[in-house]
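Structure first, then comments.
Values quoted throughout were computed directly from the atomic coordinates according to the rules given, and no laboratory measurement underlies them. Values in this document were obtained by computation on a predicted structure and should not be read as measured data. Positions of Cβ are backbone-derived with ideal geometry, glycine not excepted, and every protein chain shown enters the neighbour counts.
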Amino acid sequence: MPDQPSFYLTTPIYYVNDRPHIGHAYTSLACDVLARFMRLDGYNVMFLTGTDEHGQKVEKSAQAAGEQPLAFCDRMSGNFRELRELLNLSNDAFIRTTEPRHYRASQAIWRAIAAGKSPRGRENIYLGKYAGWYAVRDEAFYAESELATGEDGKKRAPSGAEVEWVEEPSYFFRLSDWQDRLLALYRDNPDLIGPATRRNEVVRFVEGGLDDLSISRTTFSWGVPVPDAPGHIMYVWLDALTNYLTAVGYPDTENPEFTTFWPHVFHMVGKDILRFHAVYWPAFLMAAGVTVPKRIFAHGWLLNKGEKMSKSLGNVIRPKELIGQYGLDPVRYYLMREVPFGADGYISHETMVGRINGDLANDLGNLAQRVLSMVQRYSDGVLARPAPDALQVADSEFDALSAGLLDRVRPLVAGDQAFNRALEEIWKVVAQANQYVDAQAPWALKKANDTGRLELVLYVLAETIRRLAILVLPFMPDSCTRLLDQLGVPQEARDFKALVSQPLASGAKLPKPAGVFPRYVEAEAAS
Ligand code: MSP
């Protein structure tokens, strides 16, 4: 399809010092929903994830584990690769920053940045000496003014990470010269950074003036060597950000993957790493003469006991445990529905059970189950498509609710990444469908032998469930696949084009329905 639009979606690459926790899963799941949504909407999608394996943090963790850095990374990277199966991710590619192709790309971007001039006509990269604070946990440099002194007398970064004083020869990127270009970029591309509140924070930060950025380290060696500069390795963030280019074949910018996907790249990130993506990264790219991203969206944190989940705080929830307890699709739904995407939010057992038993079992599950079993019982499992003029006003009004849903949901998902609001819209129709069942009372139509009306009502309901199931597919792929199987929807008719243009056929016999959304039953308290 030559004119098929393209979409390139990236998760941050995960540090391999930790095993995946539910915070990592959250970013990956949001991307998976978006990737699946865009595929269903006709886009040629490339969805990338992977692991960030260099830097002091990883080197120290390898030492603590008594392993060589690469052996440690090989082992730990596998835990993230496994998320694909565990979370049913649809990523098309997985990258590791220790791959030779990534060394090539990172050194190439360094050379390209060094070859150009800053907007003020100066060298983009110069040799100097860094003397300042560094937080290994964040792999970030901090100015004295950003730090606070804790009760223990230790200086800490805004993230809470401990900082240490570092003095070493270092190459610097002349970020200060890129301030005006960055502000112009934000001004000319109002949708570049989302949500709007985060965009404003970035703009204010850049308006406040930018310091040049240290981009090489000399006191340890676990990183990509700086070209032609023995003893220097690249600052891990410069190497890490470049993964997005490596995966589409940079520095070969003529290859089809690069030309197809790079102009449409969307970076999904957590709010803690927005500055790297929305300030440093576009500046590096402009300096290297590479197109800047289309969009960068920063989501909030999942909080556990009021704090961001992290290994160092000891409050992590592992995805395996959560999925083992509640099931994959309920967890996928819950994480996208419970916390407004972009804001911080809490997760808890009580709200999880509320969503599973309310939204899933009682609302959508019950709707599907009762409609499909009535089709079996009253119409021998066969649907009959009514003539359009047989619909009464109440039927047409109800039918229009789900027919118009895609147009309401698309801007929320593809435009604003407001996944929770998209699900709210969809569930409004679920509620209206349950009301329609009660109002039309197919059991009464059966009793009254009004077969024509009975068939019509069941068809309109089944058709609504079909549209709902296709729209919810990106969020709960397995469950909705089973719903669509039960409705006899052909494989090739499970996308948004078919949602609009391929209503359920008449005459086919549907399989016996089976519940798709079981209730969560509390395990008996141990006596
Ligand atoms: N390696 C860097 C990213 C480099 S991208 C070029 C990194 N890795 S990370 O493993 O620490 O975090 C990866 C992502 O997980 C980040 O977007 C981060 O915001 C997200 N989360 C980690 N903990 C989180 C929560 N508790 N809640 C939500 N997301 C959080 O940063």
(message) Using the Cα centre of region 165-216 as the reference point, and only Cβ charges (+1 on K/R, -1 on D/E), how large is the resulting charge dipole? Debye, rounded to the nearest 20.
(response) 280 debye
(request) Tell me which residues come under 5 Å, amide H to amide H, from I296 once H is placed; ignore anything under 5 positions away on its chain. (result) I193, G194, H267
(request) Return the distance in nm (one decimal) between the two label points of a simple spin-label model at E424 and A387, each offset 7 Å from Cα along Cα→Cβ. (result) 4.3 nm
(message) Under 5 Å between amide hydrogens, which residues at least 5 positions from Y346 or on another chain qualify, with H placed 1.01 Å from N in the peptide plane?
(response) L303
(message) Which one, L473, V429, N449, projects farthest toward the positive side of the charge dipole computed for region 349-526 from Cβ point charges (K/R +1, D/E -1)?
(response) N449
(message) Just to confirm the number: angle between the C-alpha axis of helix 451-472 and the first principal axis of the chain, 0 to 90 degrees, nearest 10?
(response) 10 degrees
(message) Name the residue from A439, V33, W178 whose Cα lies farthest towards the positive end of the charge dipole of the chain, charges +1 on Cβ of Lys and Arg and -1 on Cβ of Asp and Glu.
(response) A439
(message) Please report the antiparallel percentage of DSSP beta bridges with both residues in the chain, rounded to the nearest 5.
(response) 50 percent
(request) Could you pull out every one of the lysines with an alpha carbon less than 18 Å from that of K320, ignoring same-chain neighbours closer than 8 positions? (result) K311
(message) Return the Rg/Rh ratio of the chain with Cα-based radii and a Kirkwood Rh.
(response) 1.04
(message) Under the rule of at least 5 residues apart or a separate chain, name every residue whose amide H is placed under 5 Å from the amide H of V382.
(response) L510
(message) With angles folded into 0 to 90 degrees, how steeply does helix 22-40 sit against the dominant principal axis of the chain? Use alpha carbons for both and round to 10.
(response) 60 degrees
(request) Quick one: angle between helix 419-440 and the longest Cα principal axis of the chain, in degrees between 0 and 90, rounded to 10, please. (result) 10 degrees
(message) Using the crude model of +1 on Lys and Arg Cβ and -1 on Asp and Glu Cβ, and no other charge, please compute the dipole size for region 6-299 relative to its Cα centre, in debye to 20.
(response) 440 debye
(message) With unit charges on the beta carbons (Lys and Arg positive, Asp and Glu negative) and the dipole taken about the Cα centre of region 188-297, which residue among G289, V248, F266 sits farthest to the positive side?
(response) F266
(request) Hand me the tally of lysine pairs in region 6-299: alpha carbons under 23 angstrom apart, and the pair either on different chains or 8 or more positions apart. (result) 10
(message) Under a Cβ-only charge scheme (Lys and Arg +1, Asp and Glu -1), can you give me the dipole magnitude of the chain about the Cα centre, in debye to the nearest 20?
(response) 480 debye
(request) Please work out whether region 6-299 counts as rounded, prolate or oblate from its C-alpha gyration tensor, where a ≥ b ≥ c are the square roots of the eigenvalues and a/c under 1.5 means rounded, while otherwise a/b larger than b/c means prolate and anything else oblate? (result) rounded
(request) Report, in deg cm²/dmol and to the nearest 500, the calculated mean residue ellipticity at 222 nm for the chain, where each DSSP H run with n ≥ 4 adds -39500 (n - 2.57) and the sum is divided by the residue count. (result) -13000 deg cm²/dmol
